[in-house]
Amino acid sequence: MSTEWGTMLWVFRRELGARFDSLSALTVTIVFALVAHGLYYFLGHPVGDLQLPSLWAGQVASLQVVFAWLPLLFVGLIPALTMGAWAEERASGTQELLFTWPVSGRASVLGKFFAVWFFLGLVLAVAILPLAVMVAGLGDLDWGAVFGGLAGAFLLAGACISISLFLSSLFTEQLSAFLSSALLLGLLWSAGLLIHVMPPSLADAVFYASPYSHFFDSAARGVFDLRDLIYHVSLMVAGLWCNTLVVEGRRWA
Amino acid sequence: MSAKSMKRATQRWNAALSIALLVVIVVFVNDAARKHVSFKRDLSEDQLYAASPELEKRLGELDDVLVVRAFLTASPEQGAVQIAKSQLVSQLRDYEEASKGRIRLDFVDPNSSSEAKFEAVRLGIKPTQIAGNVATGGRGQEVWLGISLKYRGAERAIPLVMPQTLEYAFASELFRLMRGYTPKIGWFGPSQGLTPKAGDPTYVQARRVLQLAGELVDLETLSTSEGVPDDIDLLVVVRPDSLHPRAAFAIDQYLQGGGRAILALDNHHYSLSGQDLPAAHRVTGLEMLLDIWGVPLSKGILWDRNCVTVTTRNPVAGADGTVGDVLTKTDYTFWPSIDANGLAKDVPVTARLGGLVTYWTQAILEKTLPDGVRRIDLARSSDESWIVDAPNTVTFDPSLVRSQGIELSATAEPKSYPIVTALTGKLPSPFGFGKYPGAPKPLEFFDAVIGDKQWEGEVTDEAILSGVEEAHVVVMGDADWLRDGVQGYFFTPDNYGVYSASFLGSLVDWLLLEEDLVALRSRSPISRPLTDFLKVEREARELAGSAGTVNYDEAEVRTKSEDEAEAAASASRTSAMAAATGGSLLAAFLFVGLPGFLRTRRRSEFEVLDEANPKGGKS
């Protein structure tokens with residue numbers, strides 16, 4: 001077990017190091033921060049049932065607008081971060097090299113997963129904490145809601161990453177991995193918007209399956225709900241297990 | 001097929017089956033969690049999204065089984081209603097768990113059970129007609145979203161609930177069931193179901209709030225009856241006008257008997273309809289009481305810089321002869337806007353209220369209080385208020401406001417005045433005993449005849465109560481805030497009246513000693529305004545309280561200082577944004593860019609070492 005833990009850590013470091021080596025990590029962080037800030041300052045959240053004004057129009061010390069955008073921002077960001085995780089390894093042939101090392105499929109999957117998750121956590125902190133500090137300087141910010149929102153966003157990101165990584169493992173081309181992943185996450189995000197046109201029995205189930213209902217209706221408002229934790233963890237476990245199945249299957253094929 | 005390809009196919013099948021099984025497990029686990037897990041903790045300061053401690057406490061105090069019957073349509077055709085229904089079910093299950101077995105929960109659908117439908121109708125629960133879902137070909141549906149609570153033989157119903165209102169409605173009815181009776185609220189004021197004259201204020205919305213809190217009883221007159229009925233738990237007196245001393249006596253004696261009252265008073269009557277009542281100073285008839293209690297009203301009204309900005313549209317002729325509308329914004333200083341700083345923080349009624357707007361308001365002056373009487377000022381005007389003579393007409397004129405502001409600043413120091421005050425204690429009576437100079441002696445007015453009715457009581461000086469029981473009174477220097485909404489002002493669910501209903505409801509609960517309900521009602525988001533840079537800059541430049549005219553002539557009319565203030569405010573906003581975004585960029589370079597740069601540099605150093613020492617060395 002300790003060897004597997006060690007190899008997982010080794011993969012984690014390797015993946016994270018590779019990410020930091022390229023300028024893309026910095027670019028992604030800066031673009032994400034600028035987009036989130038721009039939406040918060042100038043646009044608000046004019047989408048769906050949840051219409052929120054921008055910071056200056058609303059004049060309220062709250063980060064709800066940023067949190068409302070996060071699930072949609074993840075639809076673009078997470079597939080971009082994960083598309084190369086397996087697809088590139090397969091395309092460049094490094095996957096076979098990886099399989100020759102004494103690293104189990106589970107350790108590889110977990111190492112890659114935690115590397116992306118850690119990086120995304122960093123991106124979230126870098127983009128959102130300075131905003132929170134600024135807003136707290138201008139009004140009475142509810143820090144409980146902010147930390148609840150950040151924790152919820154981190155969990156949501158974990159669930160999305162595990163799904164995206166699994167999809168990445170199914171494709172050889174990065175673009176296919178990106179598109180399929182973005183499509184699936186986009187569908188999950190839009191489930192909350194489509195409930196008005198769905199049959200009622202389906203609407204209820206789809207709304208519950210949507211990450212939106214497990215993030216914005218609870219964590220983004222500072223509420224810890226055990227059902228949300230179960231939802232996110234079950235998605236993570238399912239995604240990682242499927243990913244491991246695919247990788248292990250390929251190793252022995 | 002070769003053995004290898006067969007093996008590969010088998011592996012694929014196994015993988016596909018495993019994934020399908022996993023999906024089923026995930027769905028099953030989440031479905032089970034949805035139905036059986038209800039652990040939830042609200043980490044926010046607002047505490048809006050989890051069962052409140054007050055409700056949990058009351059549920060823990062149940063010493064018998066509470067039967068909760070939810071009359072919910074099983075499958076609403078609209079997805080949004082279906083989700084609301086699911087949330088209601090989830091919330092009720094939370095309550096069931098919090099009660100530790102004292103709640104028996106029962107779900108029925110009146111659309112599919114005639115017995116349930118009959119029972120719902122008997123309890124006054126009615127279905128709501130919702131439009132059909134066009135996308136799914138629905139044709140509309142009667143939806144039931146009602147709840148009944150049964151406890152120790154008594155039963156109460158909530159005809160229509162939504163997730164946002166469930167907790168308060170559930171708790172109200174539960175408290176009443178546990179207490180065993182519904183409080184009676186006496187309404188003594190104008191427009192009691194009669195058709196009001198044009199221009200007269202009506203109070204339909206405020207009365208609706210009172211009806212939610214208890215049984216509303218209209219007291220037609222206090223002058224000719226035997227006073228306030230004994231079974232009235234709370235008396236609400238709204239805009240009394242020249243009350244006969246008998247009515248004042250009835251109110252006084254009700255309070256002497258330990259009564260509770262809200263007195264919303266106006267010495268000046270204004271209207272926005274153009275059919276103004278005379279704005280001259282009027283007499284409420286309660287002046288004696290207020291004076292002896294130590295809370296007299298000012299004769300003039302408050303002029304407050306912190307006020308409502310009114311937008312009016314006036315036609316003007318341009319230079320080319322065309323007529324257009326000019327939009328004028330006036331800081332109408334006779335409508336004080338009380339912000340969170342002006343509200344008492346240590347009283348549950350106002351602790352979490354975001355604000356309150358009052359209209360043509362009298363200040364409650366500060367006088368020596370009778371012995372043992374406690375005074376709490378629930379709402380106060382801003383520090384920049386003056387008491388001025390009430391104007392005869394309603395005029396929205398920014399230049400007039402500006403000149404008044406300059407004149408007032410030059411003549412008197414501004415100060416904050418109480419607008420809503422609560423008194424608790426044994427209040428003295430001005431009647432009888434010769435305690436209050438000028439008060440009519442009881443026999444002088446008890447023998448008088450009003451209309452065709454004679455006062456039936458037999459009252460002597462000795463029979464008059466004074467300072468006997470502890471009374472609770474809330475005196476308000478304004479009654480207009482209770483008026484039905486007009487043009488977005490007064491008692492409206494939006495705009496400036498947004499807090500009125502919450503304030504009135506909380507006040508009633510507080511006076512009825514249902515402080516737990518006050519805590520529940522005030523579970524609205526805490527007001528968290530951002531720094532208003534424009535206000536800060538204007539205050540720094542000592543600009544008058546008028547917002548000025550907003551039209552194409554604006555630039556010409558505005559003073560240089562105002563332009564500077566706006567520019568400075570804009571610069572402050574930009575600085576704030578730049579600071580936050582700059583902070584993010586700096587953090588990105590420090591935590592993402594720098595580690596990457598250091599790794600790359602370290603690797604290139606090793607590469608140089610490798611080149612210099614190709615036969616050995618570590619790299």
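The values are calculated or read from the model by the stated rules, or taken from the named source; none is laboratory data. Remember, it's a predicted structure, so these values are computed and weren't measured experimentally. Because the Cβ atoms are built from the backbone with ideal geometry, glycine has one as well, and the counts that use them run over all protein chains shown. Surface accessibility is based on the protein's heavy atoms, side chains included, excluding ligands, DNA and RNA. Shrake-Rupley method; radii C 1.70, N 1.55, O 1.52, S 1.80 Å.
Figures for the structure shown
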quantity: Helix A:174-194 vs. chain A, principal-axis angle (Cα, 0 to 90°, nearest 10); calculated: 30 degrees
quantity: Accessible surface of B:T202 - all protein chains present, 1.4 Å probe, nearest 10 Å²; calculated: 40 Å²
quantity: Of A:A153, A:A136, A:A87, the one that fluctuates the most in a GNM where chain A has Cα springs shorter than 10 Å; calculated: A:A136
quantity: ³J(HN,Hα), Karplus 6.51/-1.76/1.60, whole Hz, each residue of segment A:127-132, x for Gly, Pro; calculated: 7, 9, 4, x, 4, 4
quantity: Amide proton proximity set for B:S271, modelled H, under 5 Å, gap of 5+; calculated: B:L277
quantity: B:H36 versus B:L160: modelled label distance in nm, points set 7 Å from Cα along the beta carbon direction; calculated: 3.7 nm
quantity: Charge context of B:W481, other residues only, Cβ under 12 angstrom, K/R +1, D/E -1; calculated: -2
quantity: Top positive-direction residue, dipole computed over segment B:1-75 with Cβ charges, set B:N30, B:V65, B:Q11; calculated: B:Q11
quantity: Per residue convex hull volume, Cα atoms of chain A, in Å³; calculated: 137 Å³
quantity: Residues in segment A:109-141 occluded by at least 30 Å² - accessible area, probe radius 1.4 Å, against chain by itself; calculated: A:L122, A:V126, A:P130, A:M134, A:L138, A:D140
quantity: Degrees between helix A:200-209 axis and first principal axis of chain A (Cα, 0 to 90, nearest 10); calculated: 70 degrees
quantity: Amide proton proximity set for B:L235, modelled H, under 5 Å, gap of 5+; calculated: B:G186, B:R260, B:A261, B:I262
quantity: Accessible area in square angstrom per residue, segment B:53-178, 1.4 angstrom probe; calculated: 46 Å²
quantity: Label point at B:A15 placed 7 Å out along Cα→Cβ; residues across segment A:169-189 whose backbone nitrogen lies under 12 Å; calculated: A:169-172
quantity: Protein-only accessible surface order, largest first, of B:T311, B:T411, B:T284 at 1.4 Å; calculated: B:T411, B:T311, B:T284
quantity: Accessible area of chain A belonging to carbon and sulfur atoms, whole % at 1.4 Å probe; calculated: 74 percent
quantity: Highest-MSF residue in chain A out of A:F119, A:F74, A:F178 [GNM, Cα springs under 10 Å]; calculated: A:F119
quantity: Net charge of Cβ neighbours under 10 Å - reference B:W293; Lys, Arg +1; Asp, Glu -1; calculated: 0
quantity: Contact order relative to length of chain A, as percent, for alpha carbon pairs under 8 angstrom and 6 or more apart; calculated: 26 percent
quantity: Neighbour net charge for B:P127 - beta-carbon separation under 10 angstrom, K R +1, D E -1; calculated: +1
quantity: Segment B:L369-B:K57, length gained on full extension (0.36 nm per residue, minus Cα span); calculated: 108.6 nm
quantity: Loop sites in segment B:285-388: trypsin sites (Lys or Arg not before Pro), DSSP, at most 16 other Cβ within 10 Å; calculated: B:K299, B:K345, B:K367
quantity: Entries of B:K345/B:K367; B:K184/B:K426; B:K299/B:K329; B:K35/B:K100 with Cα pairs more than 20 Å apart; calculated: B:K345/B:K367; B:K184/B:K426; B:K299/B:K329
quantity: GNM result for chain A, Cα springs below 10 Å: residue of A:S234, A:S180, A:S164 fluctuating most strongly; calculated: A:S234
quantity: Diffusion coefficient, µm² s⁻¹, Stokes-Einstein with Kirkwood Rh over alpha-carbon pairs of segment B:53-178 at 37 °C and 0.692 mPa s; calculated: 219 µm²/s
quantity: Computed FRET value (nearest 0.05) for A:V47 with A:L183, which takes r as the C-beta separation and R₀ as 22 Å; calculated: 0.75
quantity: Efficiency of FRET between A:A57 and B:N392 - r from beta-carbon atoms, R0 51 angstrom, step 0.05; calculated: 0.85
quantity: Between B and A, accessible area buried - total, square angstrom, nearest 100, 1.4 angstrom probe; calculated: 5300 Å²
